[in-house]
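One structure is given here, and the rest of the page talks about it.
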Amino acid sequence: MSQGKPQNITLLGGTGSIGGSTLDIVARHPDLYRLYAVSGYRRIHELAAICRQFKPAFAVVPDQVAADQLETEIAGLNTAVLVGKDALDRVAAAESVDIVVAAIVGAAGLLPALAAVKAGKRILLANKEALVMSGQLFMDEVRRSGAELLPIDSEHNAIFQCLPAQGTCFDDNSLPVSGVRQILLTASGGPFRGYNSDQLAGVTPEQAVAHPNWSMGQKISVDSASLMNKGLELIEACWLFSVKPEAIQVVVHPQSIIHSMVAYNDGSVIAQMGNPDMRTPIAYGLAWPNRIDAGVKPLDLFQVAQLDFEPADEVAFPCLALARQAFSLGGTAPAILNAANEVAVQAFLDERIGFEQIPELCRYALDCLPVEPAVSLDIILASDCKAREICQPYLEHLSMHRIKAQ
Ligand code: NAD
Ligand code: MG
């Protein structure tokens, strides 16, 4: 199914989990897609292997040390090595680029994703933190530039597939369109589904990153375990589909076969199903409105046999309610929550704080910092910075307390 010249892809976060799934699809369709630029942050040796296999025009690394290593490893290759954050923005907005896959984790992904939006590209958005931080600004920019924003977070991709063609639930006057009644946002429940608060207090980083259904990066794995991921996804869905949080129900579905659903006024509920494999939403985003082979194992319903559903336990997992609270506070509150969560997750992975202290640190940041209208990127980024700063002394306090208790 060749449509002439292959489309040029910039892959932000090529060395990560989403990056790997994207490259797998690109490798399957050399007639359709070409890797134009790729970025990596730490695993430079892996980035070199990607460059050797896909021969991109550009590879972006964070600093000169990484650049020296990469240049040595790919000597003789026709790939130019670029350094720093500005280079990420440049390869995201470059004239020759057709598609940008935004797969950097955390707040670090915001600026290059926004650069792609401003340049009017097709953006496959995995980096939900970008929307959580700057939803209004981001979506305003999408509308202004005419960029094609295709969600590849599996739930949002599912919702996108289940919605009517407009891809939105409410019009500009908050009136429902096309009879959409509710969005049912599914959650696997993570590795600690069914745990109570006492049991959660003793869990380790190894247990938290061992997700039952999905193989993902460390940060999103911890977020899935704490249900912060579902909270961030709730905010992401509100912005993507112009929907109010009240119209979104979180449904725990441990098998992760249904990736989300849309309920309509006539009683219809449309679900998108498939094996839990990120190559499905990525392939959908790349080929939309067409469909291409993604190498995903076909769904065998007899093998699945059973689909279960239950409500989320918001008492044992307070992160979901915190995200709802941050969204209803509005302005910079979601950016504050996101920054505090990034700090808390890293501290948990470093074994400085316990799992149950992740929501504690997030709540602390939300309580301490004033919420401002999120009218500019500078204000949003300043809030992100302030939240990281004020978390530090509290983190020290929590980790000292933990050492004493041990
Ligand atoms: P990952 O940790 O596996 O990969 C992250 C990528 O970002 C790597 O390439 C890394 O080099 C790069 N990176 C990290 N810090 C950086 C920084 N400061 N500056 C520039 N680059 C940096 O993460 P992942 O699981 O692939 O997730 C990526 C994004 O996609 C996250 O926002 C996550 O929430 C979202 N997402 C992931 C999945 C999944 O299945 N993995 C599903 C849905 C959404
Ligand atoms: Mg998801």
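The values are calculated or read from the model by the stated rules, or taken from the named source; none is laboratory data. Remember, it's a predicted structure, so these values are computed and weren't measured experimentally. Glycine gets a Cβ as well: all are built from the backbone with ideal geometry, and neighbour counts include every protein chain shown. Just the protein is used for accessible areas: all its heavy atoms, side chains included, with ligands, DNA and RNA removed. Shrake-Rupley method; radii C 1.70, N 1.55, O 1.52, S 1.80 Å.
Numbers at a glance
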read-out	value
Residues of region 280-294 satisfying the condition of being in contact (Cβ under 8 Å) with a residue 60 or more places away in the chain and not in a helix (DSSP H, G or I)	Trp288, Asn290, Ile292, Asp293, Ala294
Residue check, Glu389 in a helix (DSSP H, G or I) and over 17 Å from Ala130 (Cβ atoms)	yes
Members of region 72-90 that are more than 16 Å from Phe54 (Cα to Cα) and either of a type in the set (A, V, I, L, M, F, W, C) or more than 24 Å from the chain's Cα centre (by Cα) (or both)	Thr72, Leu82, Val83, Ala87, Leu88
Close pairs from region 194-205: first part of a loop (DSSP other than H, G, I, E, B), partner open to solvent by 50 Å² or more (accessible area, probe 1.4 Å), Cβ under 6 Å, at least 6 apart	Ala201/Glu356
Where Ile353 falls short, out of the listed (1) crowded, with 21+ Cβ neighbours inside 10 Å; (2) in a helix (DSSP H, G or I); (3) among the β-branched types (Val, Ile, Thr); (4) touching a Leu at 6+ places or on another chain (Cβ under 9 Å)	(2)
Hits in region 11-34 - residues which are within 13 Å of ligand 1 (Cβ to nearest atom) and either in contact with a Pro (Cβ under 6 Å, 6 or more places away or on another chain) or among the hydroxyl-bearing types (Ser, Thr, Tyr) (or both)	Leu12, Thr15, Ser17, Ser21, Thr22
All positions within region 109-140 that are assigned to a loop (DSSP other than H, G, I, E, B) and open to solvent by 10 Å² or more (accessible area, probe 1.4 Å)	Ala119, Gly120, Lys121, Ala126
Selected residue (only one of Ile270, Ile257 is in contact (Cβ under 8 Å) with a residue 12 or more places away in the chain, open to solvent by less than 60 Å² (accessible area, probe 1.4 Å) and more than 15 Å from Ile152 (Cα to Cα))	Ile257
Residue that is part of a helix (DSSP H, G or I), open to solvent by 10 Å² or more (accessible area, probe 1.4 Å) and either modelled with pLDDT of 95 or more or not small (Gly, Ala, Ser) (or both), where the choices are Phe327, Phe348	Phe327
Residue within region 91-108 that is within 16 Å of ligand 2 (Cβ to nearest atom), of a type outside the set (A, V, I, L, M), crowded, with 23+ Cβ neighbours inside 10 Å and closer than 21 Å to Leu23 by Cα present	no
Region 299-312: number of residues that are without any contact (Cβ under 8 Å) to a residue 40 or more places away in the chain and open to solvent by less than 70 Å² (accessible area, probe 1.4 Å)	1
Residue among Ala382, Ala365 that alone is surrounded by fewer than 16 Cβ atoms within 10 Å (Cβ to Cβ) and small (Gly, Ala, Ser)	Ala382
Matching residues in region 26-68 - criterion: being of a type in the set (Ser, Thr, Tyr) and open to solvent by 30 Å² or more (accessible area, probe 1.4 Å)	Tyr41
Residues that are within 13 Å of ligand 2 (Cβ to nearest atom), over 23 Å from Arg352 (Cα atoms) and either open to solvent by 10 Å² or more (accessible area, probe 1.4 Å) or of a type in the set (Lys, Arg) (or both), drawn from region 216-239	Lys230
